[in-house]
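See structure below.
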Amino acid sequence: MAPHHLWQRAREQRVPSPHLPSPHLPSPHPRAPLFGLVAGFVPMVANAGGPAMSLFLLTSGLSVLGFPGTGAWFFPIVNAVKLPFSAGLGLITPDALALDAALAPAVIAGAALGRACVQRIDQALFTRPVLAFTALSSLNLLIRYGS
């Protein structure tokens with residue numbers, strides 16, 4: 001078993017409730033700052049911050065509710081910081097804005113579905129799929145764009 005998984009299991013045993021923050025949360029994993037740096041860097045250069053942010057949030061010791069809450073603040077802030085750079089590079093076009101508008105209802109529906117489900121998810125059951133989806137999305141990025 002990898003050291004990260006051993007650390008994760010030990011962390012799960014110390015947190016009494018899967019949904020409420022503990023007053024005695026364990027210290028973040030030593031690699032959390034590295035994942036945080038990558039989660040801030042990758043969205044600007046590749047617009048692919050999801051996998052790095054997932055690893056950062058998991059290694060930071062957040063609960064199931066803290067995970068989407070932190071991500072909900074992180075990505076709008078990162079995108080607001082990126083906006084002038086993206087505009088300067090000519091990445092904001094009428095076609096891109098039209099696509100954003102067309103996809104907005106799906107984003108809203110997904111957020112509503114996630115909000116309805118997040119309070120019912122057990123911490124242990126949450127961690128495994130997040131790691132699996134992080135690995136799959138990372139592999140997808142490497143296979144599609146790695147060559």
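The values are calculated or read from the model by the stated rules, or taken from the named source; none is laboratory data. These numbers were taken from a predicted model, which means no experiment stands behind them. When we count neighbours, we look across all protein chains shown, and the Cβ atoms used for this are built from the backbone with ideal geometry, even at glycine. The protein model used for the area step is the full one, side chains on, heavy atoms only, and it has no ligands, DNA or RNA in it. Shrake-Rupley method; radii C 1.70, N 1.55, O 1.52, S 1.80 Å.
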Note to self: Restricting to segment 93-147, count the residues that are within 17 Å of the chain's Cα centre (by Cα) and among the basic types (Lys, Arg).
What the structure shows: 2
Margin query: Just the residues that are among the β-branched types (Val, Ile, Thr) and surrounded by 11 or more Cβ atoms within 10 Å (Cβ to Cβ), please, taken from segment 78-103.
Written below: VAL78, VAL81, ILE92
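Identify all residues within segment 39-71 that are in a helix (DSSP H, G or I), among the aliphatic types (A, V, I, L, M) and either open to solvent by 40 Å² or more (accessible area, probe 1.4 Å) or farther than 24 Å from TYR145 by Cα (or both); write none if there are none. First the steps, then the outcome.
If we filter segment 39-71 for residues that are in a helix (DSSP H, G or I), which is where we start, we get 39-46, 50-59, 66-71.
Imposing the further condition that a residue be among the aliphatic types (A, V, I, L, M) reduces the set to 39, 42, 44-46, 52-53, 55, 57-58.
MET44, VAL45, ALA46, LEU55, LEU57, LEU58, listed by residue number.
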Check: part of a helix (DSSP H, G or I) and under 20 Å from GLY50 (Cα atoms): does that describe LEU141?
Finding: yes
